[in-house]
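Just so it is clear, none of the values below were taken in a lab; they were calculated from the coordinates. Only a predicted model underlies this, so the values are computations on that prediction, with no experimental measurement involved. For neighbour counting, all protein chains shown are included, and Cβ atoms are generated from backbone atoms with ideal geometry for every residue, glycine included.
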Amino acid sequence: MPITQIAVSLNSTEESQFRAQGFRKDKVNLNQGAGGDRIHLWYKDESSGEGITRIQFSYTDNMEKGLSDAGYRKIDKDLNAGARGYRVYLWYYKGSTEADVAITDLYVSTDANDEAQRVRFGWERLTCDLNKDTGGNWIYLWVQRETRVYIGDIIATSTWISDVDLFEMGYTRMDDNTNKYVTQDRVYIWYLLTTDAEKAIRDLQVSTNSSEYNNIQQQGFDVVNMDLNRDTGRDEVFLWYRKDGNDPIKGLGMITDRAVRPYKEVGARVLKMTQVESLTFYLSFYR
């Protein structure tokens, strides 16, 4: 059954209220390892009613504006309440584009091995650490959909101008800035889901220098026309895709060194993108 309602509790009183209303509680404290309030996600799956098809997160005013203008509904409770770090909010949408496939289950992961098992069984990870910059566990929300989906398109943006148009077309934003820890442009990767395997992207590559750029281009890949290191002074990084050969790609995400080994062990491909100080960022995808 599709999930039709999502809620967030910040204390035991709210937990009792949602329990009385028939919501199901996810057992993971979204502030795990960070201190702060005890925060839990609640949801209802119902045979009647319109199902939720997309979930996004915000942690800046500009992110909020695009989601609000596109018709997303905000749960106005900070997922980092009582802890340091960004104020993170969950937004959800009930859409009807080809990319909108009802969500039927939710799962919250708390470590890299936990994440890898979700990858193994084909879940879709939403790209925002719900303990963002708190120093606590890396916590991610995963969704399962009623029909198998694939990655049909991938783009990147460095401004907020096109956010509303992209949301309305059905794109999902990977809510983690590839220019992490710099003050320059925020660069976000977006993907468009499809239920048609014939429309799916089948391979991805990343170039981190001019030699790799030329080599990947000669292999017939199409470039996502955005430097993922835009205006940082670091080497240019480009994402590339191809729609021929191989099995269709079912999901992708951004990970760090902590997750590389367990992801590879369950068959995910891992591509190095960029390094910021001692932290290296990778693009992962699975077929």
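Net charge near I255, counting Lys/Arg +1 and Asp/Glu -1 over other residues with Cβ under 11 Å of its Cβ?
Working: positive: R125, R258, R261, K264, K272; negative: E115, D129, D176, D257.
That works out to +1.
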task: For the chain, please report how many Lys pairs fall under 19 Å Cα to Cα, leaving out neighbours fewer than 8 apart on the same chain.
output: 20
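Is region 1-147 rounded, prolate or oblate when judged by the Cα gyration tensor, a ≥ b ≥ c being the square roots of its eigenvalues, rounded requiring a/c under 1.5 and prolate requiring a/b larger than b/c? Mind dumping the intermediate values first?
On the way: a/c = 1.28, a/b = 1.27, b/c = 1.01.
Note, shape of region 1-147 comes out rounded.
Listed highest first by mean packing, meaning other Cβ atoms within 10 Å per residue, what order do 59-65, 254-260 come in? If you can, show how the numbers build up before the last one.
On the way: 59-65: 14.9, 254-260: 18.6.
Highest mean packing first, the order is 254-260, 59-65.
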field: For V276, residues with placed amide H under 5 Å, excluding near neighbours
entry: F281
Computed magnitude of the charge dipole of region 1-57 (debye, nearest 20; Cβ of K, R +1, Cβ of D, E -1): 120
message: Just to confirm my numbers, what's the Cα centroid distance between region 159-180 and region 193-218 in Å?
response: 19
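Could you work out the relative contact order of region 240-287? I mean the mean sequence separation of Cα pairs under 8 Å and 6+ apart, divided by the number of residues, in percent. Intermediate values should be presented prior to the final figure.
Working: 66 pairs, mean separation 21.5, N = 48.
That works out to 45 percent.
When the helix-only estimate is applied to the chain (DSSP H runs of n ≥ 4, each -39,500 (n - 2.57), divided by the residue count), what is the mean residue ellipticity at 222 nm, nearest 500 deg cm²/dmol?
On the way: 6 runs with 52 residues, N = 287.
Helix contribution divided over all residues of the chain: -5000 deg cm²/dmol.
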statement: Reduced to Cα centres, the span from region 1-59 to region 233-287 in Å works out to 30
task: Subtracting the Cα-Cα distance from 0.36 nm times the residue separation, let me have the gained length for E50 to T97 in nm, one decimal.
output: 15.6 nm
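Show me 153-160, 69-76 ranked by packing, highest mean number of other Cβ atoms within 10 Å first.
On the way: 153-160: 17.4, 69-76: 14.4.
Output ranking for 153-160, 69-76: 153-160, 69-76.
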- line: Expressed in nanometres to one decimal, the distance between label points 7 Å along Cα→Cβ at T60 and V223 is 2.4
- prompt: Tell me, what ³J(HN,Hα) does each residue in region 118-126 have, in order and in whole Hz, if you take phi through Karplus 6.51 cos²θ - 1.76 cosθ + 1.60 with θ = phi - 60° and put x for Gly and Pro?
  reply: 5, 4, 4, 9, x, 7, 9, 8, 8
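Tally Lys/Arg at +1 and Asp/Glu at -1 over every other residue whose Cβ is under 11 Å from the Cβ of Y59; what's the total? It would help to have the intermediate numbers written out before the result.
Working: positive: R87, K132, R186; negative: D61, E64, D78, D129, D133, D175, D176.
Taking every other residue near Y59 into account, the sum is -4.
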- request: Provide the FRET efficiency to the nearest 0.05 for the I161-S16 pair, computing r from the beta carbons and using R0 = 41 Å.
  value: 0.40
- request: Quick one: compute the contact order of region 148-287, relative version, from alpha carbon pairs under 8 angstrom and 6+ residues apart, as a percent.
  value: 24
message: Tell me which GluC sites (Glu not before Pro) from region 95-197 have a DSSP coil assignment and no more than 16 other beta carbons within 10 Å of their own.
response: E98, E146
query: Across 5 Å bins from the origin, how do the percents of Cα pairs in the chain run, short distances first?
result: 1, 6, 12, 16, 19, 19, 14, 8, 3, 2, 1, 0, 0
task: Can you check what the net charge comes to around D244, using other residues whose Cβ is under 13 Å from the Cβ of D244 (Lys, Arg +1; Asp, Glu -1)?
output: 0
field: Spin-label pair S210/D235, simplified geometry with 7 Å Cα→Cβ offset, distance in nm
entry: 1.3
- prompt: Is region 148-287 rounded, prolate or oblate when judged by the Cα gyration tensor, a ≥ b ≥ c being the square roots of its eigenvalues, rounded requiring a/c under 1.5 and prolate requiring a/b larger than b/c?
  reply: rounded
